[in-house]
């Protein structure tokens, strides 16, 4: 009885994840190496046919490039800005509680709603960014903020950054709050400046929080669907597609389930490599510092 | 455990300190303005007429404050129905995620056993796959159970994909509580289940509430799975339902934003309530092996 004990406690959770996550994972891998009819019925083994079809498609390189740019830009910039923001919010000032509550807003709001508002803000014909900038006297006539697909993509990245910042900020803040103030006091006595304290005390001590937030963000941003789907649906001509919007269209618009599953598997492999490289690098760094 | 919060800039004394102080406030103000801007746009646009929104000459504030937009949306779309669906899905997913998560987190924080690492690994792997990547497989399993186009499907998927966070948050909470009281209760004749429910859970209540609210919000804001699995209009949750105002030839922005505000305000308030507890729990429960 005693040896079976812990497993009974884990059973409900285990069942939930096995049925609704592990089984779909298995199905996706199986579908990726199968011949699949338009109706989604598996018609036998296909080897790596689906993968070669995906890799040979002329747009796949573009989609892959977009995905990498999207992930790196959004995670990189939101980590940088989120970190700076945490340093600001860690000071004591009047209204700090209100400021912290406001920073939560983008995190708590559905991505689909966030993306909808930004689509409205940047619209070339009736967008409110033009109105605002004209009232402020920054521009004299309406500017088309999205003249090219690349411009659209840049705005999508901005929305991605905007919604990711709060998570980074709060992870770093929780790390900052566990730092003993005496470190800074003695560093000040020794004549250390702001940057020295930042690089020699703050950064090493919040590194583990930063690693958690970065790894999770790489996964979430890489797999993020609603922002791009709401603003451009990956159009025009796949110019703003990332892997997930591309695979969604393959699966549910074009009925190419096998290829969609192959894209999922490719995406998962890339993600595994990125996340483990990042973890190994940051863990090694930590050991060096210790 | 929690040490006194560190202060970079102490009370303004020298001119340099004063300058830094001004800079700090400036940074905070810029930040708050940028973050609130989309909400300002949402609110003011929800109060405009369609003509005003599409007018050549844009306005910052509505010329006519159309408060009735906030009433009209409930008639123009089955918004009440969407609300109920969202509540059912989020409530159901939260209940399942927490009921499965509590015993798992308890075992992971209080017991030693083989396969603990394996289980934690499974939890992390579940986070590597977003539902959107697995939609092909999710769709298949739901067809197998005849659950496509049902709220039950959304409940299970949201519960499963939030299991990782629920376990991390709960485990973090449980580990921060000393097991001594439970041990004492066991000596007094409680079994392990009683020790957990009567001794640990009341003490861990704040952490459990945090996990509850966090899962609820995630399920409430979920979009992609609902978009794919639900085809009947009356079964759509809010995130999918409000896009009814996003028509083929014209977007009814004022109604879209009015209903978006209704969908957003409750969760923002909930989130502010748990903000303090959330991140500490996430990072501590997730990292420590």
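The values are calculated or read from the model by the stated rules, or taken from the named source; none is laboratory data. Being a predicted model, the structure only gives us computed values, none of them experimental. Neighbour counts are summed over all protein chains in view; Cβ atoms, including those assigned to glycine, are modelled from backbone coordinates with ideal geometry.
Of all residues being assigned to a loop (DSSP other than H, G, I, E, B) and crowded, with 18+ Cβ neighbours inside 10 Å in the stretch A:124-141, which is farthest from the chain's Cα centre (by Cα)? Just the residue, please. Here the residue is A:126.
With respect to the conditions (1) under 23 Å from residue A:223 (Cβ atoms); (2) more than 8 Å from every other protein chain (Cβ to nearest Cβ), residue B:239 falls short on a single one, namely (2).
Could you grab me the full set of residues in the stretch B:210-238 that are more than 13 Å from the chain's Cα centre (by Cα) and in a helix (DSSP H, G or I)? Break it down into steps so the answer makes sense when it comes.
First, the residues of the stretch B:210-238 that are more than 13 Å from the chain's Cα centre (by Cα): B:224-238.
B:224, B:225, B:226, B:227, B:228, B:229, B:233, B:234, B:235, B:238 - these are the residues of the stretch B:210-238 that are more than 13 Å from the chain's Cα centre (by Cα) and in a helix (DSSP H, G or I).
Residues in the stretch A:258-289 that are at pLDDT below 85 and out of contact with any helix residue (DSSP H, G or I) (no Cβ under 9 Å at 6 or more places or on another chain) were compared, and the one that is farthest from the other protein chains (Cβ to nearest Cβ) is A:288. The condition (being under 24 Å from the mean Cα position of the chain (by Cα), more than 14 Å from residue A:162 (Cβ to Cβ) and more than 7 Å from chain B (Cβ to nearest Cβ)) is satisfied by just one residue among A:115, A:101, A:84: A:84.
Of everything listed in (1) crowded, with 19+ Cβ neighbours inside 10 Å; (2) modelled with pLDDT of 90 or more, the single unmet condition for residue A:158 is (1).
If you take the residues of the stretch A:6-55 that are in contact with a strand residue (DSSP E or B) (Cβ under 9 Å, 6 or more places away or on another chain) and part of a helix (DSSP H, G or I), which of them is nearest to the other protein chains (Cβ to nearest Cβ)? Write out each step before concluding.
Restricting attention to the stretch A:6-55, the residues satisfying the condition of being in contact with a strand residue (DSSP E or B) (Cβ under 9 Å, 6 or more places away or on another chain) are A:30-31, A:33-37, A:42-46, A:49-50.
Adding the requirement that they be part of a helix (DSSP H, G or I) leaves A:30-31, A:49-50.
Values: A:30: 8, A:31: 6, A:49: 16, A:50: 11 Å.
By that ranking, first place goes to A:31.
With respect to residue B:196, is the statement that it is surrounded by 13 or more Cβ atoms within 10 Å (Cβ to Cβ) and within 13 Å of another protein chain (Cβ to nearest Cβ) true? Even if it seems obvious, please write down each step before you answer.
Values: surrounded by 13 or more Cβ atoms within 10 Å (Cβ to Cβ): yes; within 13 Å of another protein chain (Cβ to nearest Cβ): yes.
So residue B:196 passes the test.
Scanning the stretch A:7-54 for residues that are without any contact (Cβ under 8 Å) to a residue 40 or more places away in the chain and at positive phi gives A:44, A:47. One residue stands out among those in the stretch B:72-90 that are free of Cβ contacts under 8 Å to residues at least 12 places away in the same chain and in contact with a helix residue (DSSP H, G or I) (Cβ under 9 Å, 6 or more places away or on another chain): the one that is farthest from residue B:158 (Cα to Cα), which is B:74.
Scan the stretch B:35-52 residue by residue and report those that are more than 10 Å from chain A (Cβ to nearest Cβ), part of a helix (DSSP H, G or I) and either buried (at least 19 other Cβ atoms within 10 Å of the Cβ) or at positive phi (or both). Selection gives B:46 alone.
Within the stretch A:11-23, can one find any residue that is loosely packed, with under 15 Cβ neighbours inside 10 Å, under 18 Å from residue B:135 (Cβ atoms) and touching a helix residue (DSSP H, G or I) at 6+ places or on another chain (Cβ under 8 Å)? Taking every residue of the stretch A:11-23 in turn, at least one turns out to be loosely packed, with under 15 Cβ neighbours inside 10 Å, under 18 Å from residue B:135 (Cβ atoms) and touching a helix residue (DSSP H, G or I) at 6+ places or on another chain (Cβ under 8 Å).
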